[in-house]
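The values are calculated or read from the model by the stated rules, or taken from the named source; none is laboratory data. Please read all numbers here as calculations on a predicted model, not as lab measurements. Don't worry about glycine lacking a Cβ; one is built from the backbone with ideal geometry, like all the others, and counts go over all protein chains shown.
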Amino acid sequence: MTQTANGLRGHHPNGPGTFADGEHLSAVWRSSSYLESIQWELDAAHESLREAVQQAASSGVDHGALLQAANMTSQELEAALLDAPPAWPTGF
């Protein structure tokens with residue numbers, strides 16, 4: 001049992017500590033989960049852009065136009081054009 005600032009007692013789900021500890025850890029878990037979700041979205045967006053850039057380049061779109069449309073530097077464009085698709089594990 002733990003006692004909170006308002007005097008109420010209760011069981012802490014993660015052992016000794018205060019409810020405030022649990023609230024802080026809950027906020028950390030939520031933030032971490034949100035960040036991981038956003039990272040997945042960002043990875044998917046990067047892959048989509050890489051594929052679109054490669055398709056446009058293979059269709060003959062001018063590199064200058066690609067640079068502007070993709071908002072990339074020359075080095076970033078070159079890397080996108082040389083990148084191979086990610087190798088995903090089989091069985092998924």
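When restricted to residues that are assigned to a helix (DSSP H, G or I) and either more than 28 Å from the chain's Cα centre (by Cα) or surrounded by 10 or more Cβ atoms within 10 Å (Cβ to Cβ) (or both), segment 55-75 contains 13. Close Cβ contacts (under 9 Å, 6 or more residues apart or on different chains) running from residues in segment 60-79 that are within 14 Å of LEU49 (Cβ to Cβ) and modelled with pLDDT of 95 or more to residues that are in a loop (DSSP other than H, G, I, E, B) and hydroxyl-bearing (Ser, Thr, Tyr) comprise LEU67/THR73.
Sub-8 Å Cβ pairs linking a first residue in segment 13-41 that is at pLDDT below 90 to a second residue that is of a type in the set (Gly, Ala, Ser) and loosely packed, with under 10 Cβ neighbours inside 10 Å, at least 6 apart or interchain, are ALA20/ALA5, ordered by first then second residue.
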